[in-house]
Amino acid sequence: MNEVTETSARSHLLSRVEIPRDSVLDTDMLSRGIDNYHIDVRLSDDFVLQGREIIERIAKRVAAGNRPTGGAEEMEEFRSSYREMMTASLHRTKSDLPASHLRVLQFGVTKFLLKEVRRALSKLNDETEAAVAQQQFAGSRSLLATQERLAWLRKNHDEFLFRVNRAVFQQIQREENGLRDLRRQILPEDDGDLLNVMFNPMLCAESPIDIGMLAECYALWPNGGKGFAAINLRLEDTLNESIPELDSKALKPDAKIESTEVFDTLHGLFSSQDILGPSEDQSTTLTESYSWLEHPGNVRTLFDPVVQERELKALKDSLGMKGQWDVKGELKKLKKLITELRGKMYSEVEFREAVACYLLRGNWTPKDQQLLDIRLACAYIAGNESKKAIGRLDRSKDGALVLVKRLDEIEGQISKVIKEEGDEYFLRLLSDLFRYRLHLKYFRFAHRALNRINVISEAKEIQLARAGGKLYELVDPDELKEVQNIESEIIHHVILKADVRGSTTVTRELLKQKLNPASYFSLRFFDPITERLAVYGASKVFIEGDAVILGFYEHSDAPNHWYAMSRACGMAKEILDIVSSKNSHAAKTGLPGLEVGIGICFSDDKPLFLFDEGRPIMISSAIGDADRLSSCSWRLRDRYKGHFNVDVLEMTADDEQLGEKGQRHIQYNLNGIMLSLPGFKKLMAEIPLKKLKLKTGDTTEMMFVGRFPDVMGKERELVIREGKVGRWKNEQVQSERGDEVFYEILPNSKLASQVLELARKSG
């Protein structure tokens, strides 16, 4: 028969002690939203609507002293909206929503509900304040009653907050029970722990020492909850001394924290600071570790006589005589320890009040709370401050006498209860204290997660977040279809700027002729351009009297439409055709003509959008680059004698304007289209370009010819000239050309036709 030594007996008993596994949440994999800190989350519109409605109804009921929940039908609508949203989100982990993302994003539901409850109670308060002001002005007889209601709302705000939150989260938790199997199939096993964090009852309260929450969910700690830190410290000191083999980590460590949390949106971290200390800013990976003092089951494992006896019976066959005595000896030590703990942690008065709270649990209604604070009720039952407690009770109110009678009955039982079941009640207290410690850390962990999430529901915010490609959406199946139909993320873009020359001069001339400049520019320039946008997939970025800026976007899910550069070139040719046609008509009717210069630039990136009253404002370096390409130096307008619409000249070292605004080139662009070098490279990647040499006058020009499809699928032709950068010296264009090149899109012209014909003949 195996012998059990004293050491092994103790080790065996302590080996059964459990430690909760660490809580870990990685937020680094999610993009930051519109404020560059929080993760933007949009919840299902139906869930948001149902949530707001049900929360307002519950808040009104609780504030009136009634049961929180109403009919089953309205609760079912709320639960159904949550079920649909989460079922769709869980299934999306198989496709476009990684499970690791959902672990974080689901905290958005918690934050939304907590904020909405606060909003609903604030609304009730504001409405009552408004009613007081109105009744004061009107001299209403109802003023006194309304003032009393306002005072009541303010006095009991924390109690109402807990009651409403508790009722709402119980509905969600009920629905989660039905989703349990689906979660197990789809998500990692540890997600059950995160649900415990999300549905931690402590989150429902204004602070961790809220009396209503303590009375319903934990225990009545001394001094109205404020004494918890003291009894916990006594617990830690005693157990560290008596059971040094187990690491009883301090709930409030002495170590200094270098940086604390940046945000505390719901004030949870601040409210727990007295118990837990300042909350460390853990940046992106949130963690929380636990000790054996945060596992409530350990209390029964080590100190419950029934469990101990069961353990002895289980070991009977393997223990020798000495082994039995050793195990019994260790159990006696543990029994002695529990007696010592009770004496150190609680005075007799404090213990009686804690037991009184247990006796009231399940027998304390919101109506009772309206008559008497539960702390005073516990003091009365315990025989402490009885006169003070009863003195505060208005016996004229409905139900007051019945309440006093019930309290008297419980008071008559408490001494007997403590005498016969005092040890059991202390074990219950100790278990609740262990669970309270666990939930305190859940509380801190949850608030760290909540502080990193921004739940957005306003249309402007959603638009802004989507435009930045940084909005995460938890929606129901119907809404998911709508989200999927929304334009996907832009990954490349092209900017076209058409700069109108001399718009001020044209306007002055029109006014001189007593004509309308607005209609002139609209009919001859802006409107015809707008009509052609859809053909080339262009979007207006900016429209002003002397400029048009268009954007051409390439989306991640549509590589078959990645022709942004070639379509921009096609659009540019259309603009020149429009200007040429309208100028011919203007000449016949005695109206001034228009001159333009067009620049086209490519960006291998997505643009940033800001919004002004719903109107998108693009931020892109390509806009500035296109502006430079579209410009024409006044020094060249009258001196340039070339055959083309675009030319680029390098300034000499002695030119007075060399280096102005970083420029070392002087540019000519009159009714021409200039293409950036990255833009030409993008064009080569989009479509095949045939290279040709064409002799024009005394020079040979390098030409490229290609075809591209517009949005409708129609094939269109492009001719691109590769020009050599010339020299600008002494205010003159020099004849020599260097190796540096630029690119010009030829307009529809006789020369362009010749190049196309040459390309066809060359096969």
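Once a ≥ b ≥ c are taken as the square roots of the eigenvalues of the Cα gyration tensor of the chain, is the result rounded (a/c under 1.5), prolate (a/b larger than b/c) or oblate (a/b not larger than b/c)?
prolate
If you average the alpha carbon positions of the range 227-270 and of the range 82-158, how far apart do those two centres end up, in angstrom?
Answer, in whole Å: 32.
Run the count for the range 489-688, please: Lys pairs, Cα-Cα under 21 angstrom, 8 or more apart or on different chains.
Count of close lysine pairs: 18.
Of all beta bridges DSSP finds with both residues in the range 6-459, what is the antiparallel percent, to the nearest 5?
Of the beta bridges lying entirely in the range 6-459, close to 60 percent run antiparallel.
In whole percent, what relative contact order does the range 6-459 give with Cα contacts below 8 Å and a gap of six or more residues?
This gives 27 percent for the range 6-459.
Relative contact order, percent, of the chain when contacts are C-alpha pairs under 8 Å separated by at least 6 residues?
14 percent.
Take 585, 561 and order them by how many other Cβ atoms sit within 10 Å, fewest up front.
585, 561
Let a ≥ b ≥ c be the square roots of the eigenvalues of the Cα gyration tensor of the range 489-688; is it rounded (a/c under 1.5), or, if not, prolate (a/b larger than b/c) or oblate?
Taking the square roots of the gyration eigenvalues as a ≥ b ≥ c, the range 489-688 is oblate.
With the crude spin-label approximation of a point 7 Å out along Cα→Cβ, what separation in nm comes out for residue 758 versus residue 411?
About 11.2 nm separates the two model spin labels.
Could you work out the helix-only [θ] at 222 nm for the chain, with each DSSP H run of four or more residues adding -39,500 (n - 2.57) and the total divided by the number of residues, to the nearest 500 deg cm²/dmol?
-17000 deg cm²/dmol
Could you work out the relative contact order of the range 489-688, using alpha carbon pairs under 8 angstrom and six or more residues apart, expressed as a whole percent?
So the answer I get is 28 percent.
Could you work out how far the C-alpha centroid of the range 706-736 sits from that of the range 274-316, in angstrom?
76 Å
What angle do you read, to the nearest 10 degrees and between 0 and 90, between the alpha-carbon axis of helix 305-315 and the longest principal axis of the chain?
Long axis of 305-315 versus the principal axis of the chain: about 90 degrees.
Between residue 184 and residue 740, 0.36 nm times their residue separation minus their Cα-Cα distance comes to what?
193.8 nm
Between the range 161-190 and the range 408-431, what is the C-alpha centre distance in whole Å?
Here the two parts' Cα centres lie 34 Å apart.
What nm distance separates the two modelled labels at residue 312 and residue 80, each placed 7 Å from Cα along Cα→Cβ?
5.8 nm
Against the longest alpha carbon principal axis of the chain, how many degrees, from 0 to 90 and to the nearest 10, is the axis of helix 750-761 turned?
Between helix and principal axis, roughly 80 degrees.
Shape verdict for the range 1-140, please, from the Cα gyration tensor: rounded (a/c under 1.5), prolate (a/b greater than b/c) or oblate.
Here the range 1-140 falls in the prolate category.
Values in this text are rule-based calculations from the coordinates and carry no lab data. All values reported here derive from a predicted model rather than from experimental measurement. Cβ atoms come from the backbone with ideal geometry, glycine included; neighbour counts cover every protein chain shown.
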